[in-house]
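The values are calculated or read from the model by the stated rules, or taken from the named source; none is laboratory data. Because the structure is predicted, anything quoted here is derived from the model rather than measured. Every residue, glycine as well, gets a Cβ built from its backbone with ideal geometry; the counts of neighbours run over all protein chains shown. The area values use the complete protein model at the heavy-atom level, side chains included, leaving out ligands, DNA and RNA. Shrake-Rupley method; radii C 1.70, N 1.55, O 1.52, S 1.80 Å.
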Amino acid sequence: MGSCDQLNAKGEVSDVGLEFQGASSVRRRNEGQRLDAQRIWQPPRRCEEQSAFGGVDADAKGVQVHCSQQMGDQVKQLLGTLAGDLESKSLSPQARLSTLQQLKVCSRNSEICSSMYTENGVKTLGSYAFELLDDIESSREALRCLVNTLTMSPPSRKLFTDLGLAKLASERYKSEIADDEFLLGRIIFLSTYVPEFDVKELLDEYNLAGNIVQALKRHSQRYKSGQSDASGMGEMAMTETLKLAYNVTHFAPDKAHMLSGGIGYIFNILASFKLPDPPLQSPVTHMINTLMSLELNEREKEIFPAENQFVYLDVLLKILDKSLYTKYLGPGTGHDFEDVGSPTLILLTRLYVIAPAEVKAYMHNKLLPSQEERDKPLGRSGTLSARLLNLLTSALAPNSRICAAELLYELSDSDAYKFIRNVGYGFAAGYLVTKGIAIPQQALDENAELEGLPINPVTGQTVEAEERDAPSLAEMSDEEKMREAERLFVLFERLKKTGVVDIKNPVEAAIDEGRFEELPDE
């Protein structure tokens with residue numbers, strides 16, 4: 001493949017938000033966990049005084065600083081209470097849960113939580129999260145605090161991994177509860193960004209790959225059976241698992257094969273999932289990113305099942321068809337294809353490489369221009385193949401246009417001659433020159449044919465249609481003749497620069513022979 005093969009993981013970070021408190025935990029509290037109101041810490045009321053003109057005056061700013069310090073001290077006090085309880089075991093389960101819930105609320109504000117970002121703070125939270133398994137509610141609240149801590153303070157991630165807590169998180173990741181999968185998946189995901197952290201150890205010694213595959217299996221079964229996910233936690237947990245799987249393959253590419261068992265499950269989920277509009281948004285993008293990063297070889301039977309070889313391919317083609325429109329190209333579109341479209345094109349390219357002959361022929365029919373489209377210069381219709389061709393020349397999509405060209409080049413058996421025949425020299429030239437691929441001189445033969453029909457090798461249009469549509473000189477105005485002459489001049493100059501043909505520009509020859517007459521300005 002080309003440059004599109006390398007997708008870094010930094011785009012994944014933007015998807016990191018604060019912890020999500022599942023509906024299940026809310027429901028449990030409403031069903032009888034009435035906390036002693038006097039024991040629940042309440043943060044001070046907002047310290048903000050407005051001046052007469054509606055702004056915050058200088059004195060009020062000083063008050064806000066003082067309040068932040070005060071709230072920070074109370075966060076430190078909460079942590080101290082929890083740290084002391086680890087030794088004394090003096091807090092009741094209800095009081096312990098209440099303290100962690102208060103700390104979770106505070107953990108959403110990084111300005112008051114510096115004490116949580118220390119080694120002692122992370123260690124205290126880790127002890128409650130991974131050692132207090134007989135009090136699962138408090139353990140889960142501690143996990144939520146950790147998610148917020150690692151999200152708000154990247155340096156705390158190294159403290160977390162140095163304390164060996166990522167290993168404990170990986171062991172607990174086998175939990176089948178969606179809340180746990182979401183929280184633990186997010187925590188391990190954030191841990192993968194620590195440069196010194198060895199993700200391979202989690203894979204080799206703590207069964208992280210096996211736990212990920214099992215989680216994907218559960219989600220596949222849930223979607224295929226049509227089970228309800230009213231709270232949305234199931235989908236959110238699945239998204240975290242997919243993001244974690246992608247990061248594992250990114251930071252430990254030589255271990256990607258350990259996740260291959262999840263390929264079939266991800267395709268099952270994708271085929272069962274109701275696609276959003278437009279399709280390329282979470283969690284669909286995470287499914288495609290993960291599939292793109294996994295080793296597809298030797299999984300052909302799962303990807304192209306005998307009962308319907310095209311079932312998963314059709315879903316990908318549908319996603320591409322609904323996403324590749326001009327309105328989604330360029331910044332400010334809300335769903336810029338340049339940002340999210342490349343993995344789909346890469347995945348299709350890799351599927352073609354391993355596909356059986358029947359599937360390859362099917363992809364030719366879906367993605368290459370049809371004979372009907374050659375009634376006009378290629379790229380003029382609104383079909384998927386035409387939009388894919390136009391992507392090759394889009395200035396708004398420099399990365400995805402390379403991926404699109406690589407897909408079409410692969411569909412042409414990686415043969416420059418076939419590539420030009422399939423898409424026309426006008427669309428093929430940029431990619432071939434960029435990649436340093438020699439352009440066969442016979443590819444521009446004026447007697448070029450495709451499936452027995454003479455075609456214009458530059459535009460891809462059939463010669464018959466071209467002659468039919470071309471206006472005669474008698475029907476053209478002087479202005480139209482001038483535009484046509486300029487177009488031909490530019491076209492021949494471009495051909496000369498490629499070195500493929502050694503021909504004198506007809507316009508240049510006419511000038512040299514004195515067949516051009518300079519007209520007066522009037």
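When each of A386, A429 is tested for being surrounded by fewer than 24 Cβ atoms within 10 Å (Cβ to Cβ), over 25 Å from the mean Cα position of the chain (by Cα) and not in a loop (DSSP other than H, G, I, E, B), the lone residue that passes is A429. Residue count for region 402-426 satisfying the condition of being more than 30 Å from the chain's Cα centre (by Cα) and in contact (Cβ under 8 Å) with a residue 60 or more places away in the chain: 0. Name the residues in region 154-166 that are open to solvent by 60 Å² or more (accessible area, probe 1.4 Å) and either in a helix (DSSP H, G or I) or in contact (Cβ under 8 Å) with a residue 60 or more places away in the chain (or both), would you? Of everything in region 154-166, those that are open to solvent by 60 Å² or more (accessible area, probe 1.4 Å) and either in a helix (DSSP H, G or I) or in contact (Cβ under 8 Å) with a residue 60 or more places away in the chain (or both) turn out to be P155, K158, D162. Residues in region 98-125 that are open to solvent by less than 10 Å² (accessible area, probe 1.4 Å) and in contact with a Ser or Thr (Cβ under 8 Å, 6 or more places away or on another chain): L100, S107, I112, C113, M116, G121, V122, L125. Considering only residues in region 184-233 that are over 26 Å from L125 (Cβ atoms) and among the small types (G, A, S), the one that is surrounded by the most Cβ atoms within 10 Å (Cβ to Cβ) turns out to be A209. Only one of the listed residues (L313, L296) is at pLDDT 95 or above and under 28 Å from G382 (Cβ atoms). That residue is L313.
Restricting to region 132-153, name every residue that is farther than 18 Å from C106 by Cβ and either of a type outside the set (A, V, I, L, M, F, W, C) or open to solvent by less than 10 Å² (accessible area, probe 1.4 Å) (or both). Break it down stepwise before answering.
Start the filter on region 132-153 by keeping residues that are farther than 18 Å from C106 by Cβ, which leaves 132-137, 139.
Of everything in region 132-153, those that are farther than 18 Å from C106 by Cβ and either of a type outside the set (A, V, I, L, M, F, W, C) or open to solvent by less than 10 Å² (accessible area, probe 1.4 Å) (or both) turn out to be D134, D135, E137, S139.
Of all residues in region 80-97, count the ones that are under 22 Å from G164 (Cβ atoms) and surrounded by 13 or more Cβ atoms within 10 Å (Cβ to Cβ). Full working, then the answer.
To start, the set of residues in region 80-97 that are under 22 Å from G164 (Cβ atoms) comprises 82-83, 85-87.
If we keep only those that are surrounded by 13 or more Cβ atoms within 10 Å (Cβ to Cβ) as well, we get 82-83, 85-86.
Residues meeting the conditions: 4.
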